[in-house]
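Beneath this line is the structure, given in structure tokens, with notes to follow.
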Amino acid sequence: MIDIHCHILPEVDDGPKSWDDAIEMCRMAAADGITHTVATPHANHRYAYDRQCLLDLLGQLQGKIAPLKLQLGLGCDFHLSFENLERVLEQPHTYTISETNYLLVELSDYSLPTRLSECFARLGDRGLTPILTHPERNPILQQTPQRVLEWAEQGCLIQVTGSALTGFWGERPESVARWLLDRSAVHILASDAHDTNRRIPNLSVARAAAEKIVGAEYAGALVEDNPGAIINGQQIPYCPRPVLD
């Protein structure tokens with residue numbers, strides 16, 4: 001399995017607070033059957049994103065976990081604000097997953113940019129494919145999940161937190177995650193892990209939950225085929241048209 005959204009670098013954001021915790025998260029991921037993890041530090045008003053510094057840290061962590069069969073890559077948990085949008089349009093590969101054109105995009109829990117569809121279109125015009133992260137956990141989108149279907153129709157990819165399908169985030173996020181999955185509007189499951197205790201790097205349980213909802217082929221695509229294509233900069237192989245209500 002491949003995890004494209006994981007806060008696994010130490011001391012850079014609200015992820016692991018020490019190298020020991022980061023190494024343990026890597027061990028946990030490998031034990032769960034994850035073979036490739038994309039480290040995705042936040043880029044927002046609270047956490048500055050220095051790509052070269054983060055690449056150096058990534059190399060150090062890869063060296064410390066050499067005995068594990070876990071490959072690390074670098075991406076970004078990109079908070080969509082006006083300032084960040086202008087930055088990514090100027091220097092897109094500063095923020096994308098590795099050297100691909102895929103960009104994880106996180107929306108605010110408190111307000112959404114006006115004309116958000118135009119923002120996604122601008123990213124597309126720059127050659128970027130936005131991957132909307134955890135819409136099932138966004139309080140605004142929980143009330144209007146139909147918008148997520150429309151963005152998926154527009155060409156955005158949708159990433160749901162694996163643990164949302166198992167009820168970890170509560171009843172409403174689980175309900176929305178299942179609603180999106182039922183409508184073929186989920187393209188990737190990721191852990192969005194932050195630590196070794198609560199938000200852990202685990203995908204196998206979520207895969208099993210997804211399989212009960214949509215079957216083995218779709219569930220496998222969510223954690224293997226689609227994220228595998230993303231880290232290699234390829235078009236995702238499993239991309240059914242969302243079922244619009």
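The values are calculated or read from the model by the stated rules, or taken from the named source; none is laboratory data. This is a predicted model, so every value here is computed, not measured. Neighbour counts run over all protein chains shown; Cβ positions are idealised from the backbone, glycine included.
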Exactly one of (1) buried (at least 21 other Cβ atoms within 10 Å of the Cβ); (2) over 18 Å from VAL12 (Cα atoms); (3) among the acidic types (Asp, Glu) is unmet by ASP77. Its number?
(2)
Evaluate region 94-108: report whether one residue or more is closer than 30 Å to GLN142 by Cα, among the aliphatic types (A, V, I, L, M) and touching a His at 6+ places or on another chain (Cβ under 7 Å).
yes
Region 80-103, subset crowded, with 20+ Cβ neighbours inside 10 Å and free of Cβ contacts under 8 Å to residues at least 40 places away in the same chain, residue farthest from the chain's Cα centre (by Cα):
LEU80
Going through region 32-65 one residue at a time, which ones are modelled with pLDDT under 95 and either exposed (fewer than 12 other Cβ atoms within 10 Å of the Cβ) or among the charged types (D, E, K, R) (or both)?
HIS45, ARG46
Does PRO237 count as at pLDDT 95 or above, touching a Cys at 6+ places or on another chain (Cβ under 6 Å) and not in a helix (DSSP H, G or I)?
no
